[in-house]
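All remarks here apply to the structure that follows.
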Amino acid sequence: MTMPEPAQQQQPTPPSKQPEIHVMPERFIGAATSYREPKRPAAPSAPAGAPAVPAAAKKPPLLLFVIVGVVILGAFGVGGWLLLRPKPKPAPAPAVNRPIPTNRNINRPTNANVPTNVNANVNANVPANVNAPTNVNANLPVVPPPPLRSSTDSDVDGLTDAEERLYGTGLTRPDSDGDGFLDGNEVFHLYNPAALAPTTLRDSGLVRIHEDAVRGYEILYPSAWTRRVLDETTGTTTFTASSGEFIQVLSENNPAGLEIAEWYLSRSPGVSRTELESIATKGGYAAVRSPDRLTTYIASGSRVFIIPYNIGNLPEISFRQTYEMMVNSFRVTVAAPITPAPGSTPTSTATSTP
Ligand SMILES: [Ca+2]
Ligand SMILES: [Ca+2]
């Protein structure tokens with residue numbers, strides 16, 4: 001087998017030199033079973049005197065290339081290691097204690113109380129209550145507030161001096177008839193204070209009987225007083241004293257038959273029930289009194305009889321016990337009320353006992 005001649009070994013021979021002949025290295029010798037040295041062209045014979053070609057000028061051996069390659073690879077390896085080796089971490093900077101900034105708590109005045117809570121609730125409804133007094137029944141007698149004190153009562157027997165003269169009793173004799181009962185107490189219970197019991201006022205001639213057949217009632221009044229029927233329709237009658245004070249009697253309907261206090265409060269809503277004085281007259285009628293204690297309301301079936309005491313502009317009350325006597329003397333004479341026809345003839349009469 002003939003080995004192909006390597007291409008590199010076919011380098012052109014410099015024109016000035018002899019063609020170079022490559023010889024197989026010693027190590028490859030023997031690997032082939034048969035090798036024959038190529039025939040070399042016959043070298044021209046050197047001219048005489050020409051220098052011989054040195055052996056060192058021949059091609060460098062392969063080992064040299066290997067060594068050079070190993071050196072180059074080693075150089076690249078060292079360079080790569082230097083480039084890729086882990087770089088040492090920089091030493092940490094020394095810790096510097098920096099001053100901690102002070103926390104500034106700035107309270108901004110945004111929480112100031114804005115005066116927006118001003119109470120704007122104006123109660124405009126208050127003046128509306130002024131209309132309350134208009135609910136009072138205009139038909140009820142208007143009695144001005146009387147003074148609390150009575151006129152002079154010299155002997156303190158319950159009758160003022162004016163009443164003592166009215167009934168003919170002594171101004172300084174509390175028990176004028178000496179029967180053991182004070183003069184004022186006898187008048188209150190319809191007895192004659194100037195005569196021994198059991199003489200009554202009705203029998204004394206000191207009082208008269210007013211009878212109203214239309215309204216169906218009767219009442220005593222001092223004989224010295226004047227009587228006047230003011231309104232035939234309502235039956236309003238006035239009994240007037242010489243001082244100008246007067247006591248009236250009139251009637252109102254109570255169709256629902258309300259209890260007297262309820263009837264009064266229905267006409268006078270501004271008054272509390274506790275302000276009323278409930279009494280029972282000597283005639284046995286349930287009655288109430290106005291807060292000033294100068295008007296008495298007596299219930300009887302479907303009617304209410306009203307007895308006001310008006311002192312006018314006087315500063316004192318002179319006939320308090322006489323007023324009590326008249327209320328206690330009141331009697332209903334006709335159980336069934338008679339409704340007067342418009343324009344009917346008044347039938348009120350006045351009688352007196354001897
Ligand atoms: Ca007296
Ligand atoms: Ca007496």
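Summary of values
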quantity: Of all residues making up segment 191-206, the number that are closer than 11 Å to residue 329 by Cβ and either in a strand (DSSP E or B) or within 13 Å of ligand 2 (Cβ to nearest atom) (or both); calculated: 2
quantity: Any strands (runs of 3 or more DSSP E) falling wholly within segment 207-311 and containing at least 2 residues that are of a type in the set (D, E, K, R); calculated: 207-212, 226-231
quantity: Qualifying positions in segment 158-178 - closer than 17 Å to residue 203 by Cα and in a loop (DSSP other than H, G, I, E, B); calculated: 168, 169, 177
quantity: Residue 169 being within 12 Å of ligand 2 (Cβ to nearest atom) and not small (Gly, Ala, Ser); calculated: yes
quantity: Considering residues of segment 284-301 that are at pLDDT 90 or above and surrounded by fewer than 17 Cβ atoms within 10 Å (Cβ to Cβ) only, the residue farthest from the chain's Cα centre (by Cα); calculated: 284
quantity: Residue satisfying condition, being surrounded by fewer than 19 Cβ atoms within 10 Å (Cβ to Cβ) and either among the basic types (Lys, Arg) or more than 16 Å from ligand 1 (Cβ to nearest atom) (or both), within set 172, 237, 199; calculated: 199
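The values are calculated or read from the model by the stated rules, or taken from the named source; none is laboratory data. Since the model is a prediction, treat every value here as computed from it, not as a measurement. Please note: Cβ atoms are built from the backbone with ideal geometry, for glycine as well, and neighbour counts cover all protein chains shown.
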